[in-house]
Amino acid sequence: FRSAIAEYEQAHPGEKLQGEASIHFDPFDHNGTLGNVMLVNGAAYPRHRVNPEAYWLRMLNASLARFFAIEFWVIHPKTRQPKVVKFLRFGRDSWLFEKPREQSMVFLGMANRGDVQLDFSQFFVTSDGKTTVHPNWQPYQQPDGTIHVYVVSTLNQRDGRGPGHGDNIVVAQDFPR
């Protein structure tokens, strides 16, 4: 784990990862332990370049105490204002829905699964064999010509017993979480 942190900090100069570098579990404390670094397929702060096509994303909350309200955001490079990206949800836990549902958020409790389809082709248009950013998404285009889509949980949780009263008060410095 420490080598992963060092590797990340070396690849991203000026950024420091905060947090505890040891894993612990107390079977007698049923309050749950909340970490501050989320892992995706075993990696902290992962990035993945995608093609402009639809992807099936199977999300599993494998945490012991944290709940998630998962959204996909594109953030304006200058104003830092987020725009929520809609997707199709077609399954949960052990079954598929009769027909897909358009959603903008997936709530996941512990050991819950959500199956969604996120279509990255919505960000691009192709004409005369040339692919460019769709006009609706051009304000969100990064200086290098890419669109960054973030997986974000908008649900605050102060302790391991679950989200409670006043946990979801959002202020400007909370974007993005």
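Can you tell me which residue in segment 22-59 is modelled with the lowest pLDDT, limited to those that are among the small types (G, A, S) and within 26 Å of G162 (Cβ to Cβ)?
Looking at the filtered set, the residue picked out is S22.
Out of (1) within 22 Å of Q157 (Cα to Cα); (2) touching a Pro at 6+ places or on another chain (Cβ under 9 Å), the odd one out for V106 is which?
Of (1) within 22 Å of Q157 (Cα to Cα); (2) touching a Pro at 6+ places or on another chain (Cβ under 9 Å), only one is false for V106: (2).
Could you grab me the full set of residues in segment 127-145 that are in contact (Cβ under 8 Å) with a residue 24 or more places away in the chain and either surrounded by fewer than 17 Cβ atoms within 10 Å (Cβ to Cβ) or closer than 18 Å to W56 by Cα (or both)?
Passing the criteria: T131, W137, P139, Q142, P143.
When both residues are 6+ apart or on different chains and their Cβ atoms are under 7 Å apart, which pairs have a first residue that lies in segment 86-103 and is closer than 10 Å to Q117 by Cβ and without any contact (Cβ under 8 Å) to a residue 12 or more places away in the chain, and a second that is assigned to a loop (DSSP other than H, G, I, E, B) and open to solvent by less than 100 Å² (accessible area, probe 1.4 Å)?
As it stands, the answer is none, since no pair meets every condition given.
Output the residues belonging to segment 88-113 that are among the charged types (D, E, K, R) and in a loop (DSSP other than H, G, I, E, B).
D93
Can you find a residue in segment 158-166 that is open to solvent by less than 40 Å² (accessible area, probe 1.4 Å), modelled with pLDDT of 75 or more and on the phi < 0 side of the Ramachandran plot?
No, segment 158-166 contains no residue that is open to solvent by less than 40 Å² (accessible area, probe 1.4 Å), modelled with pLDDT of 75 or more and on the phi < 0 side of the Ramachandran plot.
Conditions tested, residue by residue: (1) free of Cβ contacts under 8 Å to residues at least 40 places away in the same chain; (2) open to solvent by 40 Å² or more (accessible area, probe 1.4 Å); (3) under 11 Å from the mean Cα position of the chain (by Cα).
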residue	(1), (2), (3)
H48	yes, yes, no
P52	no, yes, no
R58	no, yes, no
N61	no, no, no
A65	no, no, no
F72	no, no, yes
I75	no, no, no
T79	yes, yes, no
V84	yes, yes, no
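The values are calculated or read from the model by the stated rules, or taken from the named source; none is laboratory data. These numbers come from a predicted model, not from an experiment. Using ideal geometry, Cβ is built from the backbone for each residue, glycine included, and neighbour counts are taken over all protein chains shown. The area values use the complete protein model at the heavy-atom level, side chains included, leaving out ligands, DNA and RNA. Shrake-Rupley method; radii C 1.70, N 1.55, O 1.52, S 1.80 Å.
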